[in-house]
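The values are calculated or read from the model by the stated rules, or taken from the named source; none is laboratory data. This is a predicted model, so every value here is computed, not measured. Reconstructed Cβ throughout: ideal geometry from the backbone, glycine too, with neighbour counts over all protein chains shown. Accessible surface is based on the protein model in full, side chains and every heavy atom, while ligands, DNA and RNA are left aside. Shrake-Rupley method; radii C 1.70, N 1.55, O 1.52, S 1.80 Å.
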Amino acid sequence: IDDVDPDAVHVARETLRKALAATHSGALREIYQSLKSNEPYSPDAGPSGRRALRNMCLRYLAAEDTKETRTLAFEQFRSADNMTDKIGGLAPLSDMNGEERDLALKQFYEQWKANPLVVDKWMSLQAMSCRPDTLSQVEGLTKHAAFNIENPNRVRALVGAFVMNNQLRFHAADGAGYRFLADRVVQLDGLNPQVAARLCGAFETWRRFDGKRQTLMREQLMRIKDAPGLSRNVSEITEKTLG
């Protein structure tokens, strides 16, 4: 597929999701409530499947950002006795506005800040948000006490999640996402060339996008390529990507 328009793809996807949620809201809410369990947590296939279905129902119910849907997601987050349901409530909130989102993110970090894998997930959720301010949030998180540019897992959890898994905001029409990635690649190249090269791979599909985005991505690839003292790892991938 060529001339991909990430904004149009997002609008089409969200329009469909909201239409399905509106049409089947009653059934979705009924299923969501019926799957609530008071049984002790079990990793077995049956309970796992019910949790997954319940969380999917919540994602559809939260398609519209309203006080009611924020409360629904926050209540699941607050009352969850397992990580699956905790994340299931936090994930839709990460795309929303309002105090519920801020409070949930703060509480989650305070509870789990001693667990590196969970903090990675906390950062990734924010990096993959569809909110318009996601890039500024990611930039802010690079200055967070929990972020360390020398920690590859943390870099992948935040920067990698944004550039690889947030096609909407990474490919913002103004090119800010591309500049952010180029800055991080150049910064990382002197610390961990392998991680820098892997992140640079987010540019590999640059020819599939519209002309404006192609130009913006090529500019940042050239900026990386011309950086002084560039490692062999990053040099090879930029030259291969540029062709």
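Summary table
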{"read-out": "In the range 192-213, residue least open to solvent (accessible area, probe 1.4 Å) [restricted to those that are within 16 Å of Asn233 (Cβ to Cβ) and of a type in the set (S, T, N, Q)]", "value": "Asn192"}
{"read-out": "Flag if Asp189 is of a type in the set (Asp, Glu) and open to solvent by 40 Å² or more (accessible area, probe 1.4 Å)", "value": "no"}
{"read-out": "Qualifying residue in the range 79-86 (condition: within 29 Å of His24 (Cα to Cα) and buried (at least 20 other Cβ atoms within 10 Å of the Cβ))", "value": "yes"}
{"read-out": "Residue match in the range 158-179 (condition: part of a helix (DSSP H, G or I), in contact with a Cys (Cβ under 8 Å, 6 or more places away or on another chain), more than 17 Å from Asp7 (Cβ to Cβ) and not small (Gly, Ala, Ser))", "value": "no"}
{"read-out": "Residues of the range 188-218 classified as among the aromatic types (Phe, Trp, Tyr) and part of a helix (DSSP H, G or I), total", "value": "2"}
{"read-out": "Residue list for the range 101-116, filter: in contact with a Phe, Trp or Tyr (Cβ under 9 Å, 6 or more places away or on another chain), open to solvent by 20 Å² or more (accessible area, probe 1.4 Å) and part of a helix (DSSP H, G or I)", "value": "Leu103, Gln107, Tyr109, Trp112"}
{"read-out": "The range 1-21, subset under 20 Å from Cys57 (Cα atoms) and in contact with an Asp or Glu (Cβ under 8 Å, 6 or more places away or on another chain), residue surrounded by the fewest Cβ atoms within 10 Å (Cβ to Cβ)", "value": "Lys18"}
{"read-out": "Pairs, first over 18 Å from Asp120 (Cβ atoms) and acidic (Asp, Glu) in the range 79-94, second open to solvent by 20 Å² or more (accessible area, probe 1.4 Å) and not in a helix (DSSP H, G or I), C-beta under 7 Å, six or more apart", "value": "Asp81/Tyr41"}
{"read-out": "Pair list, Cβ < 6 Å and 6+ apart or interchain, from the range 219-234 residues that are outside any helix (DSSP H, G or I) to residues that are modelled with pLDDT of 95 or more and open to solvent by 20 Å² or more (accessible area, probe 1.4 Å)", "value": "Ala227/Val186; Ser231/Pro193"}
{"read-out": "Any hit, the range 91-108, residues being within 30 Å of Asp174 (Cβ to Cβ), within 17 Å of the chain's Cα centre (by Cα) and of a type in the set (Phe, Trp, Tyr)", "value": "no"}
{"read-out": "Matching residues, the range 123-151, being basic (Lys, Arg) and open to solvent by less than 40 Å² (accessible area, probe 1.4 Å)", "value": "Arg131"}
{"read-out": "Sole residue being in contact with a helix residue (DSSP H, G or I) (Cβ under 9 Å, 6 or more places away or on another chain), open to solvent by less than 90 Å² (accessible area, probe 1.4 Å), without any contact (Cβ under 8 Å) to a residue 24 or more places away in the chain and not polar (S, T, N, Q), chosen from Leu61, Leu72", "value": "Leu72"}
{"read-out": "Residue within the range 206-217 that is touching a helix residue (DSSP H, G or I) at 6+ places or on another chain (Cβ under 8 Å), touching a residue at least 24 places away in the same chain (Cβ under 8 Å) and of a type in the set (Asp, Glu) present", "value": "no"}
{"read-out": "Which numbered condition Val119 misses (of (1) open to solvent by 10 Å² or more (accessible area, probe 1.4 Å); (2) over 25 Å from Arg218 (Cβ atoms); (3) among the β-branched types (Val, Ile, Thr))", "value": "(1)"}
